[in-house]
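What follows is one structure encoded as structure tokens, with my remarks underneath.
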Amino acid sequence: MNPFLYRGKKLYCESVALDDITNKVGTPAYVYSKNGIADNFVKIDHAFEGIPHRICYAFKANSAPHILRLLAELGAGADVVSGGELQLALENGFSPKKIVFAGVGKTDPEIELAIEKDILAINVESRQELKIVAEIAARMNKVAPIAIRINPDIDIEGHPYLTTGKQANKFGIGLEEAIAGFQWAAQQKSLRIVGVHNHLGSMITKSLPYTKSAETLANLVLDLKRQGIHLEHIDLGGGIGVDYHRVLADDGDPFTVDPRVIAEQTLPVLKKTGCEILMEPGRAIVGPNGALLSTVLYRKVTKGKTFIIVDAAMNDLLRPSLYGAYHAILPVSKSGKGVEEIVDVVGPVCESGDFLAQNRELMPLDRGDLVAVMTAGAYGYTLASNYNTRPRPVEVWVDEEHFEVIRERETLFKDMSCRG
């Protein structure tokens with residue numbers, strides 16, 4: 001679902017004009033579609049209805065509490081990668097038995113919290129971590145539920161920062177070492193083996209990587225079964241990409257790979273294992289359902305270059321500066337003035353790397369105009385910072401013809417993390 005559309009000259013989210021929102025809350029402002037988020041979750045969930053499964057939302061994409069509570073109410077599980085995210089999951093309605101905890105650098109207190117709360121699985125990412133989890137659980141007189149994250153050396157052919165399933169990446173354990181790890185874990189009284197995990201990366205655009213990983217995981221599970229080691233679940237990870245160019249309701253489905261195709265191509269081999277299947281989408285659920293609204297402050301023309309300076313910056317949306325990521329930029333109100341021109345859309349932060357778009361062809365923009373930076377529901381606010389002592393934006397969500405502030409704008413200096 002794409003919840004954004006033009007009605008006449010105005011850009012809407014669901015049935016609310018975006019300039020109505022900025023008139024009340026100002027800019028920069030993150031705006032999310034409540035119903036779009038729910039719809040995307042349901043689409044992915046229904047794609048796997050032919051087998052026992054659990055869709056565990058990846059908190060790192062967007063951890064706004066209102067969004068978390070919505071997904072918990074819809075039956076989602078939680079994919080967390082820190083003690084903070086684990087605590088958020090527990091505070092916002094996620095059953096511990098629906099929480100999986102991944103990450104290569106879990107601290108001892110984080111492991112203790114996961115064991116104490118008896119979550120579904122601690123996804124172990126190294127042999128040393130496996131040993132530490134066993135030691136901590138024994139000291140606590142508990143049994144820790146563990147899954148081993150394998151690194152299947154499968155290339156998603158994407159941005160190197162978004163690839164996690166190659167041997168050169170820091171994540172997971174190679175297959176042969178993982179088998180030895182399972183065999184060792186099966187002998188430990190303080191460990192209970194519950195599953196196997198892998199996550200190939202983010203912004204996957206084809207179904208083939210999922211098919212390859214499903215075959216690898218199924219063969220591993222069946223091999224372990226023959227050795228007397230029985231797993232309860234197979235975790236395929238997340239990574240379903242979204243098309244950052246398809247931003248309006250009439251542009252078609254934003255997924256870069258249809259969840260139904262992933263299911264059709266993986267379920268035949270996975271069903272043979274008898275395991276429950278876990279998936280960990282994040283971006284695919286929230287990404288297309290968010291936009292960052294910003295006001296043009298200045299128009300600056302230098303020799304051979306035109307800059308549109310807006311009040312949103314790299315501290316509000318880091319992806320363009322960090323990855324060179326593309327986000328479509330749309331006028332909140334179409335003016336119809338002039339012809340398109342090539343500009344850089346930049347923010348106020350004191351860095352030449354502070355940009356939202358470079359060499360972008362846009363209709364003329366001037367002081368006071370509002371723009372929407374699209375497909376900003378994932379890895380927007382969660383990557384935001386107070387760099388240059390800038391307050392983080394307000395967050396709003398839309399429910400049909402109503403909108404609500406779900407996180408207030410930070411103010412100087414009362415609620416900012418950097419205090420004077």
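The values are calculated or read from the model by the stated rules, or taken from the named source; none is laboratory data. Note that the structure is predicted; figures quoted are calculated from it, not measured. Note: ideal-geometry Cβ built from the backbone for every residue, glycine included; neighbour counts use all protein chains shown.
Below are the figures for this structure:
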quantity	calculated
The one condition in (1) assigned to a helix (DSSP H, G or I); (2) under 24 Å from residue 283 (Cα atoms) that residue 388 fails to fulfil	(2)
Evaluation of residue 243 against (1) outside the structural domain of residue 53 (by TED's automatic domain parsing); (2) within 22 Å of residue 45 (Cα to Cα) (one fails), failing number	(1)
Options 244, 210; residue that is part of a helix (DSSP H, G or I) and more than 25 Å from residue 184 (Cα to Cα)	210
Unmet criterion (only one of (1) out of contact with any helix residue (DSSP H, G or I) (no Cβ under 6 Å at 6 or more places or on another chain); (2) assigned by TED's automatic domain parsing to the domain that holds residue 218; (3) among the hydrophobic types (A, V, I, L, M, F, W, C)) for residue 296	(2)
Residues located in the stretch 66-112, provided they are β-branched (Val, Ile, Thr) and under 26 Å from residue 150 (Cα atoms)	80, 81, 99, 100, 104, 107, 111
Residue match in the stretch 84-99 (condition: at pLDDT 95 or above, under 21 Å from residue 254 (Cβ atoms) and either touching a helix residue (DSSP H, G or I) at 6+ places or on another chain (Cβ under 7 Å) or not assigned by TED's automatic domain parsing to the domain that holds residue 233 (or both))	no
Every residue from the stretch 226-241 that is charged (D, E, K, R) and assigned to a strand (DSSP E or B)	235
Residues of the stretch 89-136 that turn out to be in contact (Cβ under 8 Å) with a residue 40 or more places away in the chain and of a type in the set (Gly, Ala, Ser), as a count	4
